[in-house]
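Reviewing the structure listed below.
Read-outs: derived from the displayed coordinates by stated rules, not from any lab. None of the values given here were measured: they were computed from a predicted structure. Every residue, glycine among them, receives a Cβ derived from its backbone with ideal geometry; neighbour counts consider all protein chains shown.
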Amino acid sequence: MSYSTLFSLQDKVIVVTGGTGILGKAFIDGIVSFGGTAVIVGRNEEEGNKRAAEINANGGKALFIKGNVLDEKDMEKVRDITLEQFGSIDGLVNGAGGNMPQGVIQPDQDVFEMNIDGLRQVLDLNLMGTIIPTKIIGAAMAKQNGGSIVNISSVSAKQVITKVLGYSIGKAGVDCFTKWMAVETAKRHGDKIRINSIMPGFFLTEQNRTLLTNPDGSYTERGNLVIKKTPDNRMGKPDELIGALIYLLSDASKFVNGSDIGVDGGFVAFGGV
């Protein structure tokens, strides 16, 4: 085996949910840069088609398929179109997730007056939005040559982050699911399917931008608390997730299963003192 191609995704077809988001763009750009074909899944049809067109115009391979990760029929459609177009599925990145205002508990609220419907929506998006694509896309992978599934965790699953209860519970569920599914698939399919996760620290996205930054780009009080708790003294940049992603999708991690890779600038390691 040539170690020079250890991290190559050449001829690999990777499905990326949440592919129209900010972090999703880094994921698909990274996959294409390492030779992979990116199947972009999301609900923003205009942005998804734009991203696919740009990649194809620059010599890469990409396809956008509109789909909701909470809809099993949509995920079956993604599976079927991908197999029809490319013949195989070699990887899945469960990038769909995030927070919603109705799932946030503000400091001036009575904690016992939490919005249960809002919490449930955020929980479903992050947890079931990972489980459903894994069930459907993962099954197709297992019937073929296997491959790698990468879930997206969060520092919110490891330490208490105020306000974001639904998101934190959802990501904690993703952590549990990653390990559970890694073990169960290995027992049934050997080393054909690997399931791991990436744990991002704080990255500016559309969901958290107004919580962490002011209109002039300066940090809010909450944003400054994040910086204070991050030894690297800054927020992460989306393309800084690419290294961990390519490692987990490629043959470089063939014996890595049920693991979680932190990309958080030291946030979880730091006790704050």
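Things to note:
- Neighbour net charge for LEU165 - beta-carbon separation under 12 angstrom, K R +1, D E -1: +3
- Taking chymotrypsin sites (Phe, Trp or Tyr not before Pro) as exposed when DSSP calls them loop and at most 16 other C-beta atoms lie within 10 angstrom, the chain has its longest site-free stretch at 8-254.
- Rounded Å value of the spacing that divides the Cα centres of region 135-194 and region 42-70: 24
- Cross-link pairs LYS73/LYS179; LYS135/LYS179; LYS25/LYS228; LYS25/LYS229 - those with Cα-Cα distance over 20 Å: LYS73/LYS179; LYS25/LYS228; LYS25/LYS229
- When you restrict to C-alpha pairs under 8 Å that are six or more residues apart and normalise by the size of the chain, the relative contact order lands at 19 percent.
- Between helix 129-143 and the chain: long-axis angle, C-alpha atoms, 0 to 90°, nearest 10: 20
- Of the trypsin sites (Lys or Arg not before Pro) found in region 188-273, those that fall in a DSSP loop while having at most 15 other beta-carbon atoms within 10 Å are LYS192, ARG234, LYS254.
- The antiparallel fraction among DSSP beta bridges confined to region 90-225 stands at about 10%.
- Among THR213, ILE40, ASN257 - extreme Cα towards positive end, dipole of the chain, charges at beta-carbon: ASN257
- Of ILE193, ILE227, ILE132, the one that fluctuates the most in a GNM where the chain has Cα springs shorter than 10 Å: ILE227
- Neighbour counts of C-beta atoms inside 10 Å place VAL93, VAL256 in the sequence VAL256, VAL93, starting with the fewest.
- Cα-based reach from LYS66 at 14 Å (exclusive), listing aspartates and glutamates while leaving out same-chain residues under 8 positions away: GLU45, GLU46, GLU47, ASP74, GLU76, ASP80
- DSSP bridge analysis restricted to the chain gives an antiparallel fraction near 5%, rounded to the nearest 5.
- GluC sites (Glu not before Pro) lying in DSSP loop within region 171-273, provided at most 11 other Cβ fall within 10 Å: GLU206
- The aspartates and glutamates within cross-link reach of LYS192, meaning a Cα-to-Cα straight distance under 14 Å and a gap of 8 or more places when in the same chain, are ASP90, GLU184, ASP251.
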